[in-house]
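Step one of this worksheet: look at the structure below.
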Amino acid sequence: MRIDNSMNLNAMVATQVQVADNAQTIANVANSIPDSQNQEVTQELIDAITSQIPNTIAYSANANAIETQNETSSMLLNIKA
């Protein structure tokens, strides 16, 4: 039995790219007003921040799936030995 982690790793990379894009959007919004004391929270900033929540959850879920697959593989190898 072969357990392939490539799908989970690809999903984690895709999630990482989405988080990086969202971080860039947040940085662009934050840098659009030169005086940081006069910055207001805009709906675009709020949307960019909240859109990262599902990406973070997906990244964590994929990491847990890889960990579970590795533990399962280890147990199967121990049983076979």
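The values are calculated or read from the model by the stated rules, or taken from the named source; none is laboratory data. The model shown is predicted, which means the values in this text are computed figures rather than measured ones. No Cβ is skipped: glycine too gets one built from the backbone with ideal geometry, and neighbour counts run over all protein chains shown.
Descriptive notes on the structure:
- Looking only at the range 5-25, and only at residues there that are of a type in the set (S, T, N, Q), under 16 Å from residue 68 (Cβ atoms) and in contact (Cβ under 8 Å) with a residue 40 or more places away in the chain, the one that is surrounded by the most Cβ atoms within 10 Å (Cβ to Cβ): 8
- Applying a threshold of 9 Å to beta carbon distances and a minimum spacing of six or more residues, or different chains, the list of pairs starting in the range 26-54 at a residue that is aliphatic (A, V, I, L, M) and ending at one that is at pLDDT 70 or above and part of a loop (DSSP other than H, G, I, E, B) reads 29/42; 33/40.
- Put simply, of 71, 44 the only residue that is of a type in the set (Asp, Glu) and exposed (fewer than 12 other Cβ atoms within 10 Å of the Cβ) is 71.
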